[in-house]
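What follows is calculated from the coordinates using simple rules that are stated; it is not laboratory data. Quick caveat: nothing in here was measured; it's all calculated off a predicted structure. Cβ: placed from backbone, ideal geometry, glycine included. Neighbour counts: every protein chain shown.
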Amino acid sequence: MLNNLEEVRKEKNISLVDMADLLGVKYQTIREKISGDSDFKFGEALAIQEKFFPEYEIKFLFTRKKEETHHEHTEI
């Protein structure tokens with residue numbers, strides 16, 4: 001999940017349809033890319049950042065949060 005992109009998108013009231021229209025794709029395609037089912041191409045990410053979020057670095061917007069894994073530690 002692209003949590004930073006999703007958070008900033010909501011703060012700025014940018015709809016998924018706005019982003020889809022910019023890229024010429026379906027709304028569902030944007031939803032899949034943000035959720036991690038597929039990836040943005042670099043050109044797509046750059047277009048979104050330049051149009052809607054120029055004040056943010058592309059790396060901040062398009063870095064996926066790694067799933068936290070919980071490991072049990074046994075003390076010896």
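Look at the range 26-43 and say how many of its residues are polar (S, T, N, Q), surrounded by fewer than 14 Cβ atoms within 10 Å (Cβ to Cβ) and either without any contact (Cβ under 8 Å) to a residue 24 or more places away in the chain or over 18 Å from N4 (Cβ atoms) (or both).
2
The set of residues from the range 3-17 being under 12 Å from F53 (Cβ atoms) and buried (at least 16 other Cβ atoms within 10 Å of the Cβ) comprises N4, L5, V8, R9, I14.
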